[in-house]
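The values are calculated or read from the model by the stated rules, or taken from the named source; none is laboratory data. The structure displayed is predicted, hence computed values, not measured ones. Here the Cβ positions follow ideal geometry from the backbone for every residue, glycine too, while neighbour counts run over all protein chains shown. The area values use the complete protein model at the heavy-atom level, side chains included, leaving out ligands, DNA and RNA. Shrake-Rupley method; radii C 1.70, N 1.55, O 1.52, S 1.80 Å.
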Amino acid sequence: MTYGDGSGNNDPLTSLDVAGHEMSHGVTSNTAGLEYSGESGGLNEATSDIFGTGVEFYANNSTDVGDYLIGEKIDINGNGTPLRYMDKPSKDGGSADSWYSGVGNLDVHYSSGPANHMFYLLSEGSGTKVINGVTYNSPTSDGVAVTGIGRDAALKIWYKALTSYMTSSTNYAGARTAALNAAAALYGTNSTQYAGVGNAFAGINVGGHINPPSSGVTVTNPGSQSSTVGTAVSLQIQASSTNSGALTYSASGLPAGLSINSSTGLISGTPTTAGTSSTTVTVKDSTGATGTATFSWTVSTTGGGCTSAQLLSNPGFESGSTGWTTTSGVITTDSGEAAHSGSYKAWLDGYGSSHTDSASQSVTIPAGCKATLTFYLHIDTAETGSTAYDKLTVTAGSKTLATYSNVNAASGYTQKTFDLSSLAGSTVTLKFNGVEDSSLQTSFVVDDTALTTG
Ligand SMILES: [Zn+2]
């Protein structure tokens with residue numbers, strides 16, 4: 001590697017960005033190997049300008065501060081102007097600002113322009129900006145403003161694109177795909193960085209815009225909670241953000257005695273008072289974006305507050321239709337399906353034609369009780385494959401407990417269990433509803449139900 005002298009032999013070509021540029025050619029030739037002609041040649045040159053600029057910013061040298069100008073210290077033009085401008089490459093009189101069919105016919109130091117411009121847009125965004133005393137004004141080919149994702153992320157994405165996804169013949173369209181793949185690998189497809197790559201390339205007339213993720217923070221709803229007075233609770237809230245940095249957790253409506261750790265999201269403590277509350281957890285990320293999850297939390301007392309009981313009438317169907325409201329012929333001793341015990345069961349559907357059967361009853365769950373629903377279910381079917389054609393839905397009031405289908409068919413009965421403690425203090429209708437499509441039967445057979453409190 002040799003360096004020549006700049007204008008009048010006064011400014012040797014050894015400035016930070018030029019040295020970084022030349023050494024980056026070594027990185028490119030040992031990774032993607034971008035061929036030094038056509039569009040791949042422009043990308044090769046731009047890659048050296050991009051990493052040369054990264055070197056200059058990283059060095060943080062007060063006599064050669066970081067900038068998006070290339071060769072501003074070597075005075076190769078003899079009039080103090082830099083060799084190239086990344087915010088608006090055409091300012092050098094020869095480089096292209098954006099991609100067009102035929103841009104690959106330019107000298108590689110001019111066809112690099114669109115990629116240099118893309119890197120500036122990706123790092124800093126469009127429009128006017130002053131950085132380290134230099135004023136930039138970066139346009140976009142379609143006039144749509146784009147937002148930068150920061151130089152560090154832009155450099156990481158370009159390095160991964162170069163070393164993992166580009167090949168010797170990569171052109172501008174391929175560079176967009178490579179950079180999107182790199183952003184997806186580093187930050188995920190639902191990230192501001194991924195959208196930023198798409199929009200920076202759109203700014204140089206390569207590909208369309210990508211909408212940024214609507215919210216930075218996603219909180220997984222833990223579902224209804226039930227706890228007991230005097231018994232310790234531990235519930236970890238799960239959340240993630242499209243932005244990096246720490247998350248902060250807070251909660252409103254927690255049962256008395258419980259608190260949330262603001263940095264870990266762990267809810268812990270020991271409930272002191274029975275009752276049902278609506279709890280909302282809010283998670284904030286480093287940019288101030290928030291996400292929430294709201295769920296009900298029922299705290300029950302033990303012992304004297306609730307009497308152990310089985311609340312359903314005629315739970316095993318042995319008294320025929322007593323206690324249940326059904327469609328025709330559901331509670332039966334028909335030997336076509338075996339009962340789980342005794343001789344009666346509730347047999348929903350099994351006709352092989354469009355048909356709906358149901359069995360329901362209203363039940364009051366006392367306040368302060370822990371309540372558990374159990375039943376035995378057998379499903380057989382003439383359907384095949386993994387498509388749910390015929391379905392059984394189990395509901396308690398407006399709450400859907402489960403949906404089963406022909407896909408769940410199996411020999412024998414399986415016991416199902418659901419916690420209905422969140423419904424304590426209310427009267428709800430427990431309902432089994434089976435819907436069959438126009439062909440091939442599915443039988444949903446329910447037996448030995450129970451709704452127990454304690
Ligand atoms: Zn070069």
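Which value, in debye to the nearest 20, gives the size of the charge dipole of the chain about its Cα centre, when Lys and Arg are +1 and Asp and Glu are -1 at the Cβ?
I would put it at about 1340 debye.
Residue separation times 0.36 nm, minus the C-alpha to C-alpha distance between Ser263 and Ser244: what's the value?
Extra length available between Ser263 and Ser244 comes to 5.4 nm.
Between Thr327 and Asn61, what is the spin-label point distance in nm, taking each point 7 Å from the Cα along the Cα→C-beta axis?
8.2
Quick check for you: which residues of region 117-148 have the amide N under 18 Å from the point 7 Å beyond the Cα of Ser90 toward its beta carbon?
Only 117-121, 126-128, 136-146 fall inside the zone, counting backbone N under 18 Å.
Taking the Cα-to-Cβ direction at Asp107 and at His209 and moving 7 Å from each Cα, how far apart do the two end points lie in nm?
The two pseudo-label positions are separated by 3.6 nm.
log₁₀ I(q)/I(0) of the chain at q = 0.11, 0.13, 0.14 Å⁻¹, via Debye over equal Cα point scatterers, no solvent, to two decimals?
Here the Debye-derived log intensity ratios amount to -0.87, -1.04, -1.15.
Would you mind checking the tilt of helix 172-187 against the longest principal axis of the Cα atoms of the chain, expressed as 0 to 90 degrees and rounded to 10?
The two axes meet at around 50 degrees.
I'd like the FRET efficiency for Ser438 and Thr294, computed as 1/(1 + (r/R0)^6) with the beta carbon distance as r and R0 of 51 Å, rounded to 0.05.
Once the sixth-power term is evaluated, E becomes 0.80.
Would you be so kind as to identify which of Gly93, Leu83, Asn190 lies farthest towards the positive end of the dipole of region 7-202, taking Lys and Arg as +1 and Asp and Glu as -1 on Cβ and the Cα centre as origin?
Asn190
State the extension gain, in nm to one decimal, for the chain segment bounded by Ala338 and Ala185, taking 0.36 nm per residue of separation less the distance between their alpha-carbons.
Length gained between Ala338 and Ala185: 49.7 nm.
Please compute the length gained on full extension between Ser411 and Thr287, using 0.36 nm multiplied by the number of residues separating them and subtracting their Cα-Cα distance.
Between Ser411 and Thr287, full extension yields 39.2 nm more.
Once the convex hull of the alpha carbons of region 163-263 is built, what does its volume come to per residue, in cubic angstrom?
It comes to 131 Å³ per residue, whole-number rounded.
What figure, in Å² to the nearest 10, do you get for the accessible area of Thr282 with a 1.4 Å probe and non-protein molecules left out?
40
For region 217-300, with all protein chains present and a 1.4 Å probe, just round the carbon and sulfur fraction of the accessible area to a whole percent.
48
Could you sort Ser62, Ser111 by their accessible area in this structure, using a 1.4 Å probe and putting the largest first?
Ser62, Ser111
Rolling a 1.4 angstrom probe over the protein heavy atoms, how many square angstrom per residue are accessible across region 309-453?
I get 42 Å² per residue for this part.
For the chain, what is the mean residue ellipticity at 222 nm derived from helices alone (per DSSP H run of n ≥ 4: -39500 (n - 2.57); sum divided by total residues; nearest 500 deg cm²/dmol)?
After summing the helix terms and dividing by residue count, I get -6000 deg cm²/dmol.
Between 0 and 90 degrees, rounded to the nearest ten: what's the tilt of helix 151-160 against the longest Cα principal axis of the chain?
So the helix axis and the longest Cα principal axis differ by about 90 degrees.
Debye calculation, C-alpha points only, no solvent: report log10 I(q)/I(0) for region 217-300 at q = 0.16, 0.23 Å⁻¹, in the same order as the q values.
-0.56, -1.02
Calculate the all-directions average of the projected area of region 309-453's alpha-carbon convex hull, and give it in nm².
8.0
Only bridges with both residues in the chain count here: give the DSSP antiparallel percent, nearest 5.
95
Regarding region 1-146, what whole-number volume in Å³ per residue does the convex hull of its Cα atoms give?
114
Can you give me the % of accessible surface on region 309-453 that is carbon or sulfur? Probe 1.4 Å, all protein chains present, nothing else counted.
Whole-percent figure for carbon plus sulfur exposure: 48.
For the residue pair Thr128 and Ser362, what label-to-label distance in nm results when each label sits 7 Å from Cα along the Cα-to-beta-carbon direction?
Placing both labels 7 Å beyond Cα along the Cβ direction yields 7.2 nm.
Just in region 59-113: which chymotrypsin sites (Phe, Trp or Tyr not before Pro) are loop by DSSP and have at most 15 other Cβ atoms within 10 Å?
Sites meeting the loop and neighbour criteria: Tyr100.
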